[in-house]
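Chemist: For reference, the structure I am asking about is given below.
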Ligand code: AMP
């Protein structure tokens, strides 16, 4: 039975789903439809949002309901108002050719009297959130005594949101002989208890293993320094010009902060969290659904029920504590035959959770290097050119202006005109990323360097750069030169300098370039972007009883690249580190409790 028709659905339902473009049943539908159509056995179905689970329970129920019979025949419970409304909408679409059939959604945060009026007019299926459903039962406005089907959708979510008692009370008001269908992505212990209490000998089906993540999703991660979390997020967004995604944070405060910073930095974004009123949440969700927002920064609870199928990315700004929550987050992308990316920003400590998580979801995480400025600029540039090529020309409007436009450009070549058009849009990115540091951890940077070297060798027709050439190339690209008040006379050496830096930079290991030990002082080069960390580290150092002072110095007189270019680069770097610097300031001011002692060498 591989088609809906072969499964025995009525013609009025078949025509409705054909109109929706459903050609073949999804895996969970292939399993669930025959079970519900052919038996009254209770059913536990493991399925994520996005797998077609709504149709998996709705279609066989609709097929069997007789709208001419009086009373409510089916109650569907869902964790959130948004999901409930979505399910009710889907059911209405599936039943559009069943004239006397009616579905009503009941949920909190809306006028209860309106919902009571709708129930009084009569309906066949009620879709409700647990709180409002129970409220209506207690007011004697919702009678579930005649229901033949009870569906618990996203049961694990309902339990994790604390609806266990409400479910108990609702289920106590339903008849014994109904068929109970429980849909869930995971099977936490609470749910085992719930199923034992309210289900009789349930059959189990799964369109994958339990907690199996959606196979259309690629699970990726960046390995980050924790202070680079925000700049890394920006890189993730910038390398994907057509991104349409949700950035998940762990707390309301973090959600607000990330959304504010992104908005300040010019991204098209807003926040969704529990401090917003229902009306504000609806407003944000609608703007996101209508693609007026490209990015939504959200907490897990606030984003529940937000049903959008075309998300390209889910970004875990921080991993959630519970594996099941990760499954839910990542299941929001790669839906309805689309593919998607679930990207997590992980420090070394957080990375250790991956192996465990991989086992739970049965999928491998792919480590991806944090893109550098050049890669991002390239991506943005070609996306811009694609957009220009795809833009439809409003002929009738533009034609009249053409002679004047041609005249204005008459002294420029085609190449110049193109460069100028692209630059008007693109300069912003170029300026921003001009001297952006590599945010990858040192070992990953080495890998990047090795790959770059390989490519260079390829590009040079097999000619390998000398070690010195490579170092100079690197220096010109990313290094800042520093003065340090220690020299040969003090017994200072490159080895000591490296040791001091490694043990005081709080776990960061920036690249060190050329070191010049002079008689009374020294110069050294270090990867750009770490001046404040370095100066903070210097305050903790002491050498031969003398305090260590480090200052940024002018570039080496013989280094390649002209001064103006370097000044520009430095300006670009400051720009990129805006977020980092702000955090740095905060960290400095909060560090008043006990200044660290200087370490003696
Ligand atoms: P759900 O898991 O119920 O949220 O469904 C995810 C999306 O898949 C919804 O947009 C459904 O309309 C769509 N969908 C469900 N079943 C099918 C099917 N058999 N063929 C194509 N799309 C489907």
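The values are calculated or read from the model by the stated rules, or taken from the named source; none is laboratory data. Everything numeric in this text was worked out from a predicted model, so none of it was measured. For neighbour counting, all protein chains shown are included, and Cβ atoms are generated from backbone atoms with ideal geometry for every residue, glycine included.
Chemist: Surrounded by fewer than 22 Cβ atoms within 10 Å (Cβ to Cβ), within 18 Å of residue 143 (Cα to Cα) and either at pLDDT 95 or above or not assigned by TED's automatic domain parsing to the domain that holds residue 179 (or both): does that describe residue 102? First the steps, then the outcome.
Modeler: Details: surrounded by fewer than 22 Cβ atoms within 10 Å (Cβ to Cβ): yes; within 18 Å of residue 143 (Cα to Cα): yes; either at pLDDT 95 or above or not assigned by TED's automatic domain parsing to the domain that holds residue 179 (or both): yes.
So residue 102 passes the test.
Chemist: Next up: Filtering segment 1-17 down to residues that are assigned to a helix (DSSP H, G or I) and within 13 Å of the ligand (Cβ to nearest atom), which residue is nearest to residue 185 (Cα to Cα)?
Modeler: It comes out as 17.
Chemist: Can we say residue 525 is at pLDDT 80 or above, exposed (fewer than 14 other Cβ atoms within 10 Å of the Cβ) and in contact with a strand residue (DSSP E or B) (Cβ under 6 Å, 6 or more places away or on another chain)?
Modeler: Here the answer is no, as residue 525 does not meet what is asked.
Chemist: For residue 79, which of the numbered conditions (1) more than 10 Å from the ligand (Cβ to nearest atom); (2) touching a residue at least 40 places away in the same chain (Cβ under 8 Å); (3) over 28 Å from the mean Cα position of the chain (by Cα) fails to hold?
Modeler: Just one mismatch for residue 79, condition (3).
Chemist: Of the residues 269, 218, which is within 15 Å of the chain's Cα centre (by Cα) and at pLDDT below 90?
Modeler: On the way: 269 fails: at pLDDT below 90.
Just one listed residue meets the conditions, 218.
Chemist: Quick check: anything in segment 105-121 buried (at least 20 other Cβ atoms within 10 Å of the Cβ), touching a strand residue (DSSP E or B) at 6+ places or on another chain (Cβ under 9 Å) and closer than 24 Å to residue 42 by Cα?
Modeler: Checking segment 105-121: at least one residue is buried (at least 20 other Cβ atoms within 10 Å of the Cβ), touching a strand residue (DSSP E or B) at 6+ places or on another chain (Cβ under 9 Å) and closer than 24 Å to residue 42 by Cα.
Chemist: Now a separate question. Can you tell me which residue is nearest to residue 242 (Cα to Cα) among those in segment 390-400 that are within 44 Å of the chain's Cα centre (by Cα) and outside any helix (DSSP H, G or I)?
Modeler: 391
Chemist: Still on this structure, please answer the following. Please determine, by comparing only the residues of segment 482-500 that are in a loop (DSSP other than H, G, I, E, B) and touching a residue at least 60 places away in the same chain (Cβ under 8 Å), which one is nearest to residue 535 (Cα to Cα).
Modeler: So in segment 482-500, the residues in a loop (DSSP other than H, G, I, E, B) come out as 485-487, 491-493.
Subsequent filtering for residues that are touching a residue at least 60 places away in the same chain (Cβ under 8 Å) retains 485-486.
Values: 485: 13, 486: 15 Å.
Checked segment 482-500; the qualifying residue nearest to residue 535 (Cα to Cα) is 485.
Chemist: Condition (residue is within 16 Å of the ligand (Cβ to nearest atom) and part of a helix (DSSP H, G or I)) applied to segment 276-286: is it met by at least one residue?
Modeler: Yes, the conditions are met somewhere in segment 276-286.
Chemist: Follow-up. Write out, first by first residue and then by second, each pair whose Cβ atoms fall under 6 Å of each other, whose residues are 6+ apart or on separate chains, and whose first residue, in segment 336-364, is in the same structural domain as residue 244 (by TED's automatic domain parsing) and within 23 Å of residue 27 (Cβ to Cβ) while the second is modelled with pLDDT under 85 and in a strand (DSSP E or B).
Modeler: Close Cβ pairs (under 6 Å, with a partner that is modelled with pLDDT under 85 and in a strand (DSSP E or B)) amount to 340/217; 342/217.
Chemist: May I pose another question? Kindly check whether there is at least one residue in segment 275-282 that is buried (at least 17 other Cβ atoms within 10 Å of the Cβ) and modelled with pLDDT of 90 or more.
Modeler: Checking segment 275-282: not a single residue is buried (at least 17 other Cβ atoms within 10 Å of the Cβ) and modelled with pLDDT of 90 or more.
Chemist: Is it fair to say residue 267 is free of Cβ contacts under 8 Å to residues at least 40 places away in the same chain, more than 30 Å from residue 510 (Cβ to Cβ) and either surrounded by fewer than 21 Cβ atoms within 10 Å (Cβ to Cβ) or in the same structural domain as residue 191 (by TED's automatic domain parsing) (or both)? Show your work before the answer.
Modeler: Details: free of Cβ contacts under 8 Å to residues at least 40 places away in the same chain: yes; more than 30 Å from residue 510 (Cβ to Cβ): no; either surrounded by fewer than 21 Cβ atoms within 10 Å (Cβ to Cβ) or in the same structural domain as residue 191 (by TED's automatic domain parsing) (or both): yes.
No; evaluated as a whole, the condition is false for this residue.
Rundown of residues vs (1) modelled with pLDDT of 80 or more; (2) part of a helix (DSSP H, G or I); (3) surrounded by fewer than 19 Cβ atoms within 10 Å (Cβ to Cβ), yes/no style:
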position	(1), (2), (3)
456	no, yes, yes
461	no, no, yes
465	no, no, yes
468	no, yes, yes
476	no, yes, yes
480	yes, no, no
502	no, yes, yes
529	no, no, no
534	yes, yes, no
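Chemist: What pairs can you find where one residue is in segment 43-54 and within 19 Å of residue 329 (Cβ to Cβ), the other is more than 6 Å from the ligand (Cβ to nearest atom) and modelled with pLDDT of 95 or more, and their Cβ atoms are less than 7 Å apart, with a gap of 6+ or different chains?
Modeler: 47/56
Chemist: Are any residues in segment 91-104 in a helix (DSSP H, G or I) and either away from the ligand (no atom under 16 Å from the Cβ) or out of contact with any strand residue (DSSP E or B) (no Cβ under 8 Å at 6 or more places or on another chain) (or both), and if so, which ones?
Modeler: 93, 94 - these are the residues of segment 91-104 that are in a helix (DSSP H, G or I) and either away from the ligand (no atom under 16 Å from the Cβ) or out of contact with any strand residue (DSSP E or B) (no Cβ under 8 Å at 6 or more places or on another chain) (or both).
Chemist: Can you name the helices (runs of 4 or more DSSP H) wholly within segment 115-199 that have at least 2 residues being within 18 Å of residue 56 (Cβ to Cβ) and under 28 Å from the mean Cα position of the chain (by Cα)? Even if it seems obvious, please write down each step before you answer.
Modeler: On the way: elements: 130-138, 155-160, 164-171, 189-198.
Hits in segment 115-199: 155-160.
Chemist: Next question, about the same structure. If I go through segment 504-522 residue by residue, how many of them are part of a strand (DSSP E or B) and surrounded by 16 or more Cβ atoms within 10 Å (Cβ to Cβ)?
Modeler: Residues flagged as part of a strand (DSSP E or B) and surrounded by 16 or more Cβ atoms within 10 Å (Cβ to Cβ) within segment 504-522 amount to 6.
Chemist: While we're on this one: Of the residues that sit in segment 42-79 and are in a loop (DSSP other than H, G, I, E, B) and over 25 Å from residue 120 (Cβ atoms), which one is modelled with the highest pLDDT? Let's see the steps before the verdict.
Modeler: To start, the set of residues in segment 42-79 that are in a loop (DSSP other than H, G, I, E, B) comprises 42, 47-52, 65-73, 78-79.
Filter again for over 25 Å from residue 120 (Cβ atoms), leaving 42, 47-52, 79.
On the way: 42: 96, 47: 83, 48: 75, 49: 71, 50: 74, 51: 81, 52: 89, 79: 89.
For segment 42-79, the residue satisfying everything is 42.
Chemist: Going by what's in this entry, would residue 88 be described as in a helix (DSSP H, G or I), more than 9 Å from the ligand (Cβ to nearest atom) and at negative phi?
Modeler: Spelling it out, residue 88 is indeed in a helix (DSSP H, G or I), more than 9 Å from the ligand (Cβ to nearest atom) and at negative phi.
Chemist: Would you be able to say whether some residue in segment 18-35 is in a strand (DSSP E or B) and either in contact (Cβ under 8 Å) with a residue 60 or more places away in the chain or away from the ligand (no atom under 11 Å from the Cβ) (or both)?
Modeler: no
Chemist: Identify, please: which residue in segment 39-54 is in contact with a strand residue (DSSP E or B) (Cβ under 6 Å, 6 or more places away or on another chain) and over 15 Å from residue 87 (Cβ atoms) and is, among those, nearest to the ligand (Cβ to nearest atom)?
Modeler: 46
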